[in-house]
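Down below is the structure, laid out as structure tokens.
The values are calculated or read from the model by the stated rules, or taken from the named source; none is laboratory data. Everything numeric here is computed off the predicted structure, so don't read it as measured data. Here the Cβ positions follow ideal geometry from the backbone for every residue, glycine too, while neighbour counts run over all protein chains shown. Surface areas here come from the heavy atoms of the whole protein model, side chains and all, with no ligands, DNA or RNA. Shrake-Rupley method; radii C 1.70, N 1.55, O 1.52, S 1.80 Å.
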2 protein chains.
Amino acid sequence: RASTMQRAIQEENYVNQPPVTLLRAGIDTEDTIRAKFEKVIRDAQDSICKAIEEVDGKKFHQDAWIRADGGGGISRVLADGNVWEKAGVNVSVVYGSMPPEAYRAATGNPELLKNKGDVGRVPFFAAGISSVMHPRNPHCPTMHFNYRYFETEEWNGIPGQWWFGGGTDITPSYIDEEDMKHFHGTYKAVCDRHDPAYYEKFKKWCDEYFLIKHRGETRGLGGIFFDDLNDKDPETILKFSTDAVNHVVAAYCPIVVKHKDDPFTEQEKQWQQLRRGRYVEFNLVYDRGTTFGLKTGGRIESILMSMPQTASWLYDHKPAPGSREAEIMDAFRNPRTWV
Amino acid sequence: RASTMQRAIQEENYVNQPPVTLLRAGIDTEDTIRAKFEKVIRDAQDSICKAIEEVDGKKFHQDAWIRADGGGGISRVLADGNVWEKAGVNVSVVYGSMPPEAYRAATGNPELLKNKGDVGRVPFFAAGISSVMHPRNPHCPTMHFNYRYFETEEWNGIPGQWWFGGGTDITPSYIDEEDMKHFHGTYKAVCDRHDPAYYEKFKKWCDEYFLIKHRGETRGLGGIFFDDLNDKDPETILKFSTDAVNHVVAAYCPIVVKHKDDPFTEQEKQWQQLRRGRYVEFNLVYDRGTTFGLKTGGRIESILMSMPQTASWLYDHKPAPGSREAEIMDAFRNPRTWV
């Protein structure tokens, strides 16, 4: 039965030690954005995991694999930690081919394939880092980030394309305005260093992207999100992406350290579990990375590392008017400006 | 933000008491299959809820609503029961219109719209009962059933169509062969009374439908499932559907009564929670009723009543070889014949 599943990418082969690079020898040379981006995300995986381990006291477990034609991945998971119920940081490099419709959707340029006839599947390269961290304490927010770089090769007369995507966003169960000013403020400063228009644009994009449409509410309290970014030269956007992924720890860890020992009631824990249920709804129904991954036969355990360890659903639950739960529900329904 | 959500069906108006009928006065007269089917599912809702309350000791809570142009629903939920963590039984009657693509897919007959030009949205009637019950004890299985009747009106020269769909299926965390023989045996007997070919066909359909494709495993241990059924006259299929929905209690309740006080370990409870996580994955990613409901703006709390009260995900969890968990995993990967 498992064998009837269509896989768009090759089977993975587990390795004890991840190779120094997941790139293709002789092709993805040092001077390419592909090679530079791989270094950025692998360094980020190391430094972020180290910072999290210092706060938690427990270590990440690592799984690494490679694929026959190049590419591979490194999944790091800290399960049942002291501070985090589950924290995962994935790095992956994928060489594959996508159908023309996917290519058209991804590039956002319908002109590219015009009058080209049947061009077949377009070869692509994708590298990315993605992470979700679910703390135990209901006063500590969940955090997610993802930074990726995409390239298509020149193919049947269609020029090669490239773009960056990514973002960091935060999902508290309760509003702490100071924390939100710190988190959004950190990313506003990062954005402002690269383009004064970025923060406003990417903050709005984040609120729109993480909308749970069937509920009319956002998953969390936002952050930044961008996709198909190629409006400046690639080196310039690489610098911005690097700066953004390198500020995950500064934006998030102080909030967790501040709240990890906060006292909490059973009711507050239950509310966190309900919000985790919403997290599951968003990821399985709307998240592009997750839904794409499930359909194309990527490594399921890495894709679903984003699931919380525990989640809950109650029928028709409504927070009491005036409660702190009602307060954050209002912010999920009407995204606010924090900085 | 909520107002930007597209609703394909009208807003619901809550009522304290559900009306005697959710049908349209003077149109859906007593002699129509629509009226007969509504009676079947409302009677089944009453009798099934009564039987569940007798086992559990706690009562269902009821929410009822109607829509301006006819139709409505009755949701009954038993939350935090003695035996069931969450049990829900929904009845709904919907008058709406569907785009031609949906009509073509639903009827399975591409010829119907051939050379008809732009026919616009096709008016339909749909009535159904659906239910999911999640017990507390990991040795008591979760059970789901759904029976529905669909009709389209004659429209722009296209003749009206009708079909039945439904099924009952069971999702244990551990295999009890005797229980599976009882459950499948009950439905085999129901099927055999109406058509000797039904059980084998609908058992296989059930195994195929409830496959979690990205895992290569089924959600549970099956039962029966059928859709687009219109190969006999409607009165004949109505009799079969009636017989099937009226055997839910006989097929399921004895199993719950047998196991509701079974001792269990923390590890068994944890395994049940992981299987509930899989239940969530199936329902949010693949279940047609759920994904359709979320997209068309049906009543979210009724659609997601199927979610378990609690669910869990662990990274890369693998049951120990030879364990009872490994035993049922094998049956999820290689569906068995029980009777």
Who wins for biggest fluctuation among B:G166, B:G88, B:G117 in a Gaussian network model of chain B, springs between alpha carbons below 10 Å? B:G117
Taking the Cα atoms of the stretch B:91-181, what is the range of coordinates along each of the three principal axes, in descending order and whole Å? 55, 23, 16
Straight-line reach from B:K116: which aspartates and glutamates have a Cα under 16 Å away, not including same-chain ones fewer than 8 places off? B:E101, B:E153, B:E154
With one decimal in nm and the nearest listed first, the spacings from A:K39 to its own position in the other copies, using label points 7 Å along Cα-to-Cβ, are 7.9
Can you give the accessible area per residue of the stretch A:243-339, in Å², using a 1.4 Å probe? 42
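For chain B, what is the relative contact order in percent, using Cα pairs closer than 8 Å and at least 6 residues apart in sequence? All intermediate terms of the calculation are to be shown ahead of the outcome.
Working: 587 pairs, mean separation 57.1, N = 339.
That works out to 17 percent.
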Fraction of alpha-carbon pairs over 16 Å apart in the stretch A:242-339 - percent: 72
At a probe radius of 1.4 Å, figure out the A/B buried accessible area, summed over both chains, and give it in Å² to the nearest 100. 3300
Calculated FRET efficiency for the pair A:R24/B:N109, C-beta based, R₀ 51 Å, to 0.05: 0.55
Between chains B and A there is a rotation axis; tell me the chain B residue with the nearest beta carbon and how many whole Å away it sits. B:L284, 2
Report, largest value first, the span of the C-alpha coordinates of the stretch B:30-110 along each principal axis, in whole Å. 49, 28, 25
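Please compute the Kirkwood hydrodynamic radius of the protein assembly as shown from all pairs of different C-alpha atoms, in Å with one decimal. Don't skip to the end; give the middle numbers.
Values: mean 1/r = 0.0369 Å⁻¹.
About 27.1 Å for the protein assembly as shown.
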For the stretch A:146-211: Kirkwood Rh in Å [reciprocal of mean 1/r, alpha carbons]: 14.2
As a test of understanding, state the convex hull volume per residue of the stretch B:290-339 from its alpha carbons, in Å³. 173
For the full complex of protein chains and a 1.4 angstrom probe, list A:E281, A:E101, B:E268 by accessible area with the highest value first. A:E101, B:E268, A:E281
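On the protein heavy atoms, probe 1.4 angstrom, tell me the percent of accessible surface of chain B carried by carbon and sulfur. Could you put the intermediate results ahead of the total?
Working: 7400 of 14210 Å².
Whole-percent figure for carbon plus sulfur exposure: 52.
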Hey, how many Å between the Cα centroid of the stretch A:184-205 and the Cα centroid of the stretch A:219-258? 9
On alpha-carbon atoms, Rg over Rh for chain B using Kirkwood Rh? 0.97
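What is the sum of charges around B:M305, taking Lys and Arg as +1, Asp and Glu as -1, for the other residues whose C-beta is under 12 Å from the C-beta of B:M305?
On the way: positive: B:R76, B:K86, B:R299; negative: A:D316, B:D63, B:E301.
Taking every Cβ under 12 Å from that of B:M305, the sum is 0.
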Out of B:V83, B:V245, B:V15, a Gaussian network model of chain B with alpha-carbon springs under 10 Å gives the largest mean-square fluctuation to B:V15
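For B:F150, A:F145, give me the order by solvent-accessible area with a 1.4 Å probe, most accessible first, ignoring ligands, DNA and RNA.
Working: B:F150 50, A:F145 0 Å².
Result of the area sort, largest leading: B:F150, A:F145.
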Cross-link partners of A:K258 among lysines (Cα-Cα below 18 Å; sequence separation of 8 or more within a chain): A:K181, A:K269
Distribution of pairwise C-alpha distances over the stretch B:12-153, 10 Å bins, in %: 11, 34, 29, 18, 7, 1
B:L274 accessible area, assembled protein chains, probe 1.4 Å, Å²: 10
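Which of the pairs A:K114/B:K295; B:K201/B:K232; A:K50/A:K260; B:K188/B:K232 have their Cα atoms more than 21 Å apart in this structure? Before the final figure, lay out each step's value.
Working: A:K114/B:K295 32 Å; B:K201/B:K232 16 Å; A:K50/A:K260 18 Å; B:K188/B:K232 19 Å.
Violating the 21 Å limit, Cα to Cα: A:K114/B:K295.
So with the 1.4 Å probe, I'd like the accessible area per residue for the stretch B:136-177, rounded to whole Å².
Working: 1240 Å² over 42 residues.
Ligands and nucleic acids excluded, the figure is 30 Å² per residue.
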When a/c reaches 1.5 or more, the comparison of a/b and b/c decides; with that in mind, is the stretch A:211-271 rounded, prolate or oblate per its Cα gyration tensor? oblate
Between helix B:324-333 and chain B, what is the angle of the helix's C-alpha long axis to the longest principal axis, kept within 0 to 90° and rounded to the nearest 10? 30
Can you give the accessible area of B:K50, probe radius 1.4 Å, in Å² rounded to 10? 120
Quick one: compute the contact order of the stretch B:116-198, relative version, from alpha carbon pairs under 8 angstrom and 6+ residues apart, as a percent. 24
